[in-house]
Structures are given as C-alpha cells and as structure tokens.
Amino acid sequence: MLRSYLVAAWRSARRDSFYALLNVLGLGLGFAAAILIGLFARDELSYDRFLPGYRDVYHAQLTYTEAGGRAQTMVVTPERLAAEMKLDFPEIVATTRLLDRSEALRHGEIEAIEDVQSADPDFFQVLGFPLVAGDPATALAEPDSIVLTRRLAEKYFGTIDCLGQTLDFNRTHPVRVTAVAEDPPTDTSVPFAALVSSKAPYTALGRQDAQPREPKGELRNSPATFIRLKPGTAPDALDSRLPDFVLKHYPDVTGEKPLFTLHLKPIADLHLYPANPDTRDANDAADTLYAVSATGLLILLLAAVNFVNLVTARATRRALEVGVRKALGGMRRQLMLQFMGESVAYALAGLLLGMALAELCVPALNAFLDRRIAFDYWHNPLLALAPVVVAILLGLVAGLYPAAVLSSFAPATVLKARSGGSVGGGRLRLALVVFQFTVTIGLVIATTVIYRQNLFATGQALRIDKDLVLTIDLAALPWHETADGLGQREAAPVETLHNQLAAIPGVKAVAASFVVPRAVGNVSMNFNRPGQGSRPPVSLHQIAVDYGFFDVYGLRIIAGRDFAHDRAEDKVASDDRARLASAIVNETAVRDLGFANAEAALGQEIVSDDPGFPEMHNRIIGVVPDFPVYSIRQPVAPTVFTVDTALFKVFSLKLAGNDLPETLQKIDATWRDFVADRPISRSFVDERVALLYRDVTSEGRLFAGFAGFAAAIGCLGLVGLSAYTAERRTKEIGIRKALGASTLDVTRLLIWQFVKPVLVANVIAWPLAWWFMRRWLDGFAYRIDLDAAPFLIAGLGALAIAIATTAFHAVQVARSRPVLALRYE
C-alpha cells in the first residue's frame, strides 16, 4: 500500500509539476525566513550564557533621579562600590570593575588606538572568559599586566604565543602580556579587546583610585561593577538588604535618604532587559526580539496558508483518482493518510530548500547585524532536529484540511462529472489571500516607518550640520584628576594645537568641547535663579564648548549672542570657577528655569547649588535650539554651555571637502609633530551618528528582508491561483467573448477577482500597522509623524504585485479564440 501511495504522489507531482514547484518554493521561502529568525532569536537569548556559572554573576546598576528629572538606569557605579559590597556581603565571592578608555598600544612598527578596559585582578574569577594562554588567577595581578585577545595578539605579535612580550602603553609605560584570551563572541554584554590591571596608576581605574573620596552627597560614577555570588545564594535575600547598604554608604547631605537605589541585574538578562524595573526606560532589545519572532511565525503561517490554498484549488484534478479508489473499496481514512503524507513530503522538500537558502543568507545576516551567528546544524543536533519536527507538524496541520476535502468526494458524482466541482471553498481561498496580504502590507508599512525614522534620527532630528565634521580625541593632551572628579586639562597645549590645525588648508573651522554626538557621560548640576527661592532647583547638563563651536555645527543663536574672544567674562576662570561667567542655554533650559521666552532669559543669572562643587555663577547671554548630543530616544536635557578650557575633551573640525585625503594626511602629520606619546584618534560625526542608531538600521533591514520573503510567498500563491482561476473559467470566458466582450474586459474581470482581497487586506492591515508602529515610535522622544505615506506605499505596492502576478494568465486566457474556449469541455 505504501508503494501505491508513493507512486500516486509522484505521478500527481509530475502531472502538476508547475504547482508542485510553487508549493515547494513557497514552503522553502517560509522555512528559510523562519530558520533565519530562529537563529537570530537563539543568538539574542544566548547572551553571556557561555560564561561558566553565569547564573551567579550580576551587574550592579543604579536608579538615579536628578532634581526635577525622571528616574533613569545608570550602568556605571561609584568606584568604591565593589569593595564596599564585598566587605558588607559575605555571600559575594569576588567583584571586578571595568572602565573603558581609548589607549595607544605599540609593538615595533605596529601602533594603533584600541579600546582598552581597565579591570581589577579578579576579572576572570568573576566573569570567567576563557584563556588560550596564561593563568586566569594571576593574569591581572601585577601592575604592568595586560591581557590581549587572540585578535590583538596576532595583530601585534603575529602569534598567540606571546606571553612575556612587552607593549608600549601610550608610548610611555611598558606593559607585559600575561595572558591571551579567546576573542569574546558577539553574544556578550562585556566585549573587550585588551585588559590592563587597575593596580597600575596610569590606567583609568588606577587614576581614579588615587583620587580622594568624593564629598558626602556626591557621586563620581565611572566604572561598571560585576559581582559573583556563592553558588546557591538566593539573590532576593541579598536584594532586600541593598537599601540599608545604600543608605549606610551613600546618603545625601542630610544623611536621611540615599542618593540612588541599587539593583543587581543577572548578567544573562543584561542584553534583553537593561532597564531597571523602577524606571520607565524601554527594553528595546527585548521588544525587537518579540517583534521579529512574531514576524517569523507569521511568515511560516503564510507559507502554510499558501500551501493550503494551492492544494485545495487543484483538488478537482485529483477527483477522478479519488472516485476510482473509493469505487475499488478505498476507505476515507486511507485517502486522508495518503494526502497528509503527501503534504508532509512537500513540507520536507520545502525544508531542504529552506535550509539551503538560510545557509546562503546567514553571511548577509551577520554582515548587517555585526554578529557571528552560525547555522552549524552538523555540530548541534537540535538545530537539525527542530526544523524537521516543525516541518512534519506543519505538513500534518497544513495538509489536514486539503486531505479532508479531497477524501470527501462521492464516487458516483466525480465519476459521472469527471470533476470535483468547485471544492475547497472559494470564499475560504479568498480569505486566505486576504490574510497573506494583510501580513505583507503590515511588514512593508513597518519597514517604511523604521526607514523614515532612521533617516529622521540621523538627519533632521539632529538639527546640526554633521557633514564633513571631523572629531579628534584630546585624551593625549596633558590632563590631571581633580577632587570633583571632572579633571582639568591644561589650556596652553589645547590652544596651540587648535591654532596649528586651523592653519591647515582645507580646515574651515576648529572648536573644542566636552562632548560631541555619541559621546558617553555627562556632568549635571542643580541651578537656581537668584530671588526665586520658592522654585525647586533645575538639573542642567553642563557642556564646555569653545568659541565658534556653534558655527562648526551650523547652529544659529535664536536669541542673544555667541561667545566672543574679546569678552573676558565669556570664559570660565580655571582658578576661580565661582566668578561670574557667561553662559548659553538651550530652549529646554529656558522653559525649565521658568522664563517666559528666550528673550526673557537674556541677561539673567543662574547659580549652582550642588554641594562639593564651587558655587558657579552664570549670566545667560544667548539661547540655542535644542539639539540631541545623545540618542533621540530621550528628550534633549536642559543644558547650559560655557567656555571652560579645563574640560575640553575633543576637537571638532569643519572641513572644506576638496582634496579630503590630502587634508586628512596634513591633520595626521600635525598631530604626530605635536603629540609624541600616542597616535591620533579621529572619526567623522556622521559615522558616530550612524553607530548611535545602528540598532534602528538593523531593525529596518530585518523587517525589509522578511517583508520581501512574505511578498514572494504571496506572489507564488497568486501565480498559482490565477492560473487555476483562468483554467476553471475558460468556458465562461469563451461565452463572454462570443457575446462581444473585449480582451480588456475579460482581463479586467479576472484581475479584479484578486484585487478585491488585496483591497480588503489594506482595510485590515492599516489600523493594525498604525497601532503597532505608533507604539514603536513612542520609544523615541523625537519622531516622525505617522502620516499616510507608508500606508499608501504599502497598499499601492500590494495592488501592483497582485496585478503583475495575475495579469499574465488573465491576458493569456482573454486573448484565446472563443471557439477553443467553447470546445474546452
């Protein structure tokens, strides 16, 4: 019996090879999309789970609320927190801190700026990254220790066999390679390229540890803090004791309330759920994972719907076979088993095609996600078994309805009419087409909205001119730590280098500042207006800028004036920060400080009242538009700009654009002549902005790719259904043409049959897509208007697809001679 089933299935597939191919292609595309999304989801869910004992590793996070501001998650902590927690909580096995800085490494002729993490000696005991050489217990024990990844070891020494070799750290301090670590995988929340011991006084953590403890009521948050608990420790019991710990060590000036709340985040949750529960920060990675996973299920469902549609549409071709089998004593359950077996066979054939397509697409997926996702099903049996199980289940479920329809034919009827009539429910098939295009239209709308929001975020929302603006890190210029934690840079070297860079042909303007777009960190202080004692203080971000900074970025002063070299009061005195100095504020600061408008703020004074800092007096001389230095997911903070050379960290150079390579070479040469201890670290602002919104760009590409999969599956279904419809209505078309209908009339009639469900799909998809994309856009403080354009693009595109895929068969049948059509039966 099995042999007869296989023979019947093979003959059916050969007889209807076109439709068999459409079935396999549709299922293959569905499986390919589902496999790719499954690999993405597996990668997202695997973050940091490769670390030994990861369930006992936690990241210390703060929830901090500035005066008049909202609660926000802070992933950096006071530098002394790790030591204090280890002393107060015996269930903590080890702690480690990490502080990232760009540092220069050199060996022989090879020199580059690298992201170097300053880490405590217990780093490997806490996090457990695997080493290929060296002892994890002693790798960071000595002050001159450095741990390289495999990539950096091969870059500087050409081999991982480099223990004991030395590197120049910032051209000044020799460091010794004490271990080589495997390159961290992309699914980690703690990536690193090199680790230096915090015991060295010249490292980022070493410099901070050498500073006096910050005054009571102040925080100097810099490093990330990780802890490892004893196995079996209940984290909830530890959490319940954290408020008392914070109140003991970090009270405000009154000593009555803590400065922040402390949370211990499991490291396995750090990627998907970075926000603390008592803040309103979004967990964007988790939201993206849910959306992409739902898309994968929908696409797989589309493939199943497409299969059901095509099989039921062609059911009449097998009616005679069913009639003969039943007349010869065949039972309905036998026929159902046969047809469901054929469905499973189609599903497995589609799976083979889908796995091949997925393997071809994985490199592209890795390229735009910047991941190392592997479809290594030959090493992981689950990756091979799971798709097979899903394919069999899909074949059984999708084949159940067609099998029930095909096996239900009455022998007398089908043998007499040699036809199964119109079976499978024409309305059901149209409903399934509506479902297919509802999903496709929704995905196209989502892709369009994400693309437009990305353009907005990297363009109009910035409100600055980022083209041809080059930034240069000033970390190599003389700098020393101060008690307030801000540090102080010597003004003379900055001014000298400024003048040399400005003299280069091709450099239009140069300005220094504390931060530039995508910079990390900020300084905030509470400010009051004299004579406004009843008004609560306002937390203002402080950004030190140079003369001409706003001109470099194309920002116009909307009220008042810019800073001027010839006005002594425009510059903060480094030796007397309490002296009255000029300031420029943004529009948000004007509102938060209670001024009626920008003009009303001009000439007014504001005074800082933060303990531990010198009282700062500023007179407002100008107002600039709000512009985001950080992501537009958060509102632009109220900001005060001052000319404070002690806080300059970066140069911004506006370039002319002509002979750009030559200009960059001259900039590099000027830096080499002026700065002897490290190479230049430069990047363009548009590159910084692109990195800031890389996640949005990746989301757009993901949805665009999967919308393409959905559209392709829908097209395959329409091709098959239009061919079937044209064949079924051949006689009707002949009669219509004999009665005078033109080719255009008949073509329009056939196309309209498939345009109607697409129009219905638009009616359903538009409100659903609007609701979902409205929620997605709510994650941005500044966003595009959700106008009609994305909906019209998706709707008209779906109509064009429906017309294009059905027009061929419609025109072919409409142009046939009536006499041939009337002889059809």
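The values are calculated or read from the model by the stated rules, or taken from the named source; none is laboratory data. Treat the numbers as computed from the prediction; the structure is a model and nothing was measured. When we count neighbours, we look across all protein chains shown, and the Cβ atoms used for this are built from the backbone with ideal geometry, even at glycine. The area values use the complete protein model at the heavy-atom level, side chains included, leaving out ligands, DNA and RNA. Shrake-Rupley method; radii C 1.70, N 1.55, O 1.52, S 1.80 Å.
Give the Kirkwood hydrodynamic radius (Å, one decimal) of region 662-721, defined as one over the mean of 1/r across all pairs of different Cα atoms. Write down the numbers at each step before the final one.
Details: mean 1/r = 0.0628 Å⁻¹.
After inverting the pairwise mean of 1/r, the radius is 15.9 Å.
Quick one: plug the Kirkwood hydrodynamic radius of region 535-599 (C-alpha pairs) into Stokes-Einstein at 25 °C, 0.890 mPa s, and report D in µm²/s.
Values: Rh = 13.6 Å.
The diffusion coefficient I find is 181 µm²/s.
Distance cut-off 22 Å, Cα to Cα: go down the list Lys199/Lys248; Lys230/Lys265; Lys199/Lys649; Lys571/Lys666 and report the pairs above it. From the list (Lys199/Lys248; Lys230/Lys265; Lys199/Lys649; Lys571/Lys666), the Cα-Cα distance tops 22 Å for Lys199/Lys248; Lys199/Lys649; Lys571/Lys666. One Cα centroid belongs to region 628-669, the other to region 126-164; the line between them spans 35 Å.
Looking at the calculated P(r) for region 755-804, what percent of the C-alpha pair distances fall above 15 Å? List each step's numbers first, then the result.
Values: 617 of 1225 pairs.
The share of Cα pairs beyond 15 Å in region 755-804 comes to 50 percent.
When Rg and the Kirkwood Rh are both derived from Cα coordinates, the Rg/Rh ratio for region 227-314 amounts to 1.34. Rg and Dmax of region 158-296, both derived from C-alpha coordinates alone, stand at 20.3, 58 Å. Normalised by the number of residues in region 136-268, the average gap of Cα pairs under 8 Å and 6 or more apart makes the relative contact order 20 percent. As a fraction of the 1.4 Å probe accessible area of region 651-698, surface on carbon and sulfur atoms comes out at 48 percent.
Using a 1.4 angstrom probe on the protein heavy atoms only, line up Met336, Met85 by accessible area, largest first.
On the way: Met336 45, Met85 0 Å².
In descending accessible area the options line up as Met336, Met85.
Go ahead and run the numbers for FRET between Ala294 and Ala503, Cβ-Cβ distance against an R0 of 60 Å, rounding to 0.05. Numbers along the way, then the final one.
On the way: r = 58 Å, r/R0 = 0.96.
For Ala294 and Ala503, the calculated efficiency is 0.55.
Which chymotrypsin sites (Phe, Trp or Tyr not before Pro) in region 19-69 pass both tests, a DSSP loop state and at most 15 other beta-carbon atoms within 10 Å? Working shown, then result.
Numbers: sites: Tyr19, Phe31, Phe40, Tyr47, Phe50, Tyr54, Tyr58, Tyr64; in loops: Tyr47, Phe50.
Passing both the DSSP loop test and the Cβ count: Phe50.
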